[in-house]
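The values are calculated or read from the model by the stated rules, or taken from the named source; none is laboratory data. As the structure is a computational prediction, the values presented were derived from the model and not from experiment. Positions of Cβ are backbone-derived with ideal geometry, glycine not excepted, and every protein chain shown enters the neighbour counts.
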């Protein structure tokens with residue numbers, strides 16, 4: 001008799017564990033948790049630092065600025081992102097340009113992220129594309145100008161979110177960017193970004 005009761009208890013435990021882990025409809029019988037929303041919205045603010053490469057980087061060494069993003073998180077696996085902001089380039093040390101010379105850049109981007117959900121730690125791969133509105137005060141040769149240029153942009157990156165609370169995350173990312181500017185002087189570079197995301 002004791003053996004039969006023991007076997008029945010073991011079977012009930014196995015059924016409960018399988019129902020919980022396999023997403024079975026019986027799962028709700030063993031937990032009071034509500035199912036997570038399949039789609040959530042978020043906003044994110046970021047600080048970014050770009051180290052430029054090539055001929056462009058010989059004049060305009062770095063850029064710094066901020067991004068503001070809005071988007072959607074699908075099943076905590078895919079993100080759709082719309083991003084804008086403002087970046088300011090700086091003249092590389094040793095280059096004889098007028099004081100405070102630089103370029104302003106307003107990005108108008110869309111893209112996404114593929115997330116690996118490991119609980120509080122969510123690493124990801126990202127892709128963004130769109131256009132940069134480049135506001136020239138001086139051109140790459142140091143000539144005074146006042147032009148607005150629209151240039152293609154794309155970037156590939158990797159990073160991770162770290163959960164602080166259920167809705168609040170911090171974000172660190174490294175990206176390789178191709179900001180088009182001139183044929184012989186592309187705004188290519190490595191971008192280092194830190195941000196705060198709020199999901200609702």
Kindly evaluate residue 117 against the criterion of being more than 18 Å from residue 178 (Cα to Cα) and in contact with a strand residue (DSSP E or B) (Cβ under 8 Å, 6 or more places away or on another chain).
no
Matching entry among 134, 105 (being part of a strand (DSSP E or B) and either in contact (Cβ under 8 Å) with a residue 60 or more places away in the chain or in contact with a helix residue (DSSP H, G or I) (Cβ under 9 Å, 6 or more places away or on another chain) (or both))
105
Does residue 145 count as at pLDDT 95 or above and either surrounded by fewer than 19 Cβ atoms within 10 Å (Cβ to Cβ) or in a loop (DSSP other than H, G, I, E, B) (or both)?
no
Here are 53, 109: which of them is buried (at least 19 other Cβ atoms within 10 Å of the Cβ) and either assigned by TED's automatic domain parsing to the domain that holds residue 149 or within 30 Å of residue 142 (Cα to Cα) (or both)?
109
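Yes/no per residue for (1) within 13 Å of residue 56 (Cβ to Cβ); (2) modelled with pLDDT under 95:
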site	(1), (2)
108	no, no
118	no, yes
159	no, no
179	yes, yes
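A quick yes/no check of all residues on (1) at pLDDT 95 or above; (2) in a loop (DSSP other than H, G, I, E, B):
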position	(1), (2)
16	no, no
34	no, yes
40	yes, no
45	yes, no
48	yes, no
65	yes, no
90	no, no
Given (1) in contact with a strand residue (DSSP E or B) (Cβ under 6 Å, 6 or more places away or on another chain); (2) surrounded by fewer than 16 Cβ atoms within 10 Å (Cβ to Cβ); (3) not in a strand (DSSP E or B), where does residue 140 come up short, assuming only one miss?
(2)
Can you tell me how many residues within segment 162-177 are in a strand (DSSP E or B) and modelled with pLDDT under 95?
1
Kindly establish whether residue 166 is assigned by TED's automatic domain parsing to the domain that holds residue 64 and within 17 Å of residue 59 (Cβ to Cβ).
no
